[in-house]
Amino acid sequence: MHDYITIRYEVKDGLLRLTLNRPEQMNAFTVKMAYELEAAYDRASEDDNVGAILVTGAGKAFCAGMDLSVDGNVFGLDESQNPTVADMQTRPVSEAMEQGVRDTGGRVALAMHRCLKPIIGAINGPAVGIGATMTLPMDFRFASDRARIGFVFGRIGITPEACSTWFLPRLVGMETALELLYRADILSAQEAMEKGLVREVLPADELLTKAEAFARSLIANRSPVSMALIRQMLLNNSALPTPR
C-alpha cells in the first residue's frame, strides 16, 4: 500500500504519470515531497507495469522551489550535526548523516539517476530552484509556453543543489551552465529551449498529450530489460574517463 500526500502516482497502459500535487502552494518542494519522490522513483524501477515515467505538476506551476513557509529548517537539515567537508569524506555513512545532512533534492536526483525507466518531464509552469534542478536528471524535457525556468541560487545566497553542478554542464555545456548559474535569471520557455534545457516548447493545452505520446513512442514494443540497461550504461559510462 502506498499513500502519497504531496504527489500522485498513476499508472495507465505502461506509463506512470508522476504529478507534483501541492497546487495551492505552486507545488513547492518539502522534505515530505523529497521522500515521496525518492520512494516513487525506486518503486517505478521495480514496477513491471511501468515502462516510462512522465513527470508534471498539478495546477499552474511545475514547482516553485523550496517551501520556505514550513517550520524549522526548511531544508530538513539537522543543524546539530554541523559536519565539516572532512567529516563528509571520512565519517561513515549513517542514518543521521543521510537523514540530516544530505540535501533532500540530491536524494531525489540520485533516485532519478539510478532509475531503470526513461523519465520525461512535462514542465507545465514555473520551475524555479529545486523545481528547475529536479528536471536535469530527466532523459527529456518538454515545456509549456507558460513555463518559466530559473536557477536562482546566486540571488538568495545559497549554492546549487540536487547534484545540479554534475548534471547541468553535461546537459548544456560548461559555459552555458556557468552563465545560467551566474546570471540566475528566470528564463522563458523559448529561452530555455535555446539554452538546451528543454527539447520542445508546446502550447499549454497540448503539453501533456504530446509529451505522453513521445513517452509511449519510446517503450511501445520495446524490451524493458534492454531499456533499463541502455539507460544505466549511457548515464554511467559516459561519465567515465575511459571506455569500459
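The values are calculated or read from the model by the stated rules, or taken from the named source; none is laboratory data. As the structure is a computational prediction, the values presented were derived from the model and not from experiment. Because the Cβ atoms are built from the backbone with ideal geometry, glycine has one as well, and the counts that use them run over all protein chains shown.
Things worth noting here:
- Any hit, segment 203-225, residues being among the β-branched types (Val, Ile, Thr), modelled with pLDDT of 95 or more and outside any helix (DSSP H, G or I): no
- Residues of segment 179-195 satisfying the condition of being part of a helix (DSSP H, G or I) and either under 21 Å from residue 146 (Cβ atoms) or small (Gly, Ala, Ser) (or both): 180, 189, 190, 191, 192, 193, 194, 195
- Any chance residue 157 is surrounded by fewer than 14 Cβ atoms within 10 Å (Cβ to Cβ), within 20 Å of the chain's Cα centre (by Cα) and without any contact (Cβ under 8 Å) to a residue 24 or more places away in the chain: no
- Check on residue 146, touching a residue at least 40 places away in the same chain (Cβ under 8 Å), under 30 Å from residue 12 (Cβ atoms), part of a loop (DSSP other than H, G, I, E, B) and charged (D, E, K, R): yes
- Residue within segment 52-60 that is buried (at least 16 other Cβ atoms within 10 Å of the Cβ) and at pLDDT below 95 present: no
- For segment 1-29, filtering for residues that are basic (Lys, Arg) and surrounded by 17 or more Cβ atoms within 10 Å (Cβ to Cβ) leaves 2.
- Residue within segment 126-149 that is on the phi > 0 side of the Ramachandran plot and at pLDDT 95 or above present: yes
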